[in-house]
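**Q** Before anything else, here's the structure in question.
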Protein chains: 2
Amino acid sequence: MQADTIIRALGALAQEHRLAAFRALVQAGADGLSAGALAEALQLPNSSLSFHLAQLTNAGLIIQRRQGRSLIYSADYGAMNGLMGYLMENCCAGANCAPDAICSISEERNVA
Amino acid sequence: MQADTIIRALGALAQEHRLAAFRALVQAGADGLSAGALAEALQLPNSSLSFHLAQLTNAGLIIQRRQGRSLIYSADYGAMNGLMGYLMENCCAGANCAPDAICSISEERNVA
DNA sequence: AAATCAATTCCATAATTATGGAATTGACGA
DNA sequence: TCGTCAATTCCATAATTATGGAATTGATTT
């Protein structure tokens, strides 16, 4: 995974409304949520939400599909995997991990 | 964990030089690296690196300690755990996870 | 206490990012 | 094909963030 892709993903998540939107989608699972439902849930003007959803989409974190007049968004779990794996790559140089380190988990994830 | 804390952490990581610095520290493990060693490794002016290290410290992602004239930085693995757990909280509403979802891993982490 | 070295803070400039009302695009039902 | 609804794009304004040279702070050696 490219550093640039990772930075876009992190930047996309580093914003109050986008973080809230992403988490709502993570929790919604495969069914996803419409833009309208998200705007309602987050109490945001449509144009603002649309801007934020575009950022998340551009960063590859969420996926858009059309259903009638609505656009349905859902989280891309594969992208999340990649993001976390990248952050933990070669954690502790592969050894001497502190007890609270998560290297073992990141390795598990990288294998998958 | 607070949303605001998470946003600061993500924002701190969403920058080329800070992401590189953080990863170098993750890979360095508990020994850490001095500011000078990092500046050398990343080919950055001291003042710029200092600015970025302050952001990472403020976000709680890295820890500073003094060793003689040098300041040694190291990654805070606990903060990373918290960050990832937060992003995956209630993933898929606890059920129906897609095959590529990482819910099981995030639960494992939340328990720890 | 003076010289030196590591690193930070200060500061002005440059660049990027967020906001929301108004206009527009695309899809559906009568 | 007209009216309506869902959502996006446009755009000007406001706010935040990055950069690096020069000055400063703190710690060490002689």
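**Q** Counting partner chain Cβ atoms within 10 Å of every residue's Cβ in A:75-84, what's the average? Before the final figure, lay out the partial values.
**A** Details: counts 6, 2, 10, 4, 1, 8, 4, 0, 3, 9.
Across the residues of A:75-84, the mean count of other-chain Cβ atoms within 10 Å is 5.
**Q** Here is a follow-up. As an exercise, use a Förster radius of 25 Å and the Cβ-Cβ distance of B:Gln27 and B:Ser70 to find the FRET efficiency, rounded to the nearest 0.05.
**A** Computed FRET efficiency for B:Gln27 and B:Ser70: 0.85.
A short reminder: the numbers here are calculations on the coordinates, not readings from a lab. In this text the structure is predicted, and so the values were computed from the model without any measurement. Reconstructed Cβ throughout: ideal geometry from the backbone, glycine too, with neighbour counts over all protein chains shown.
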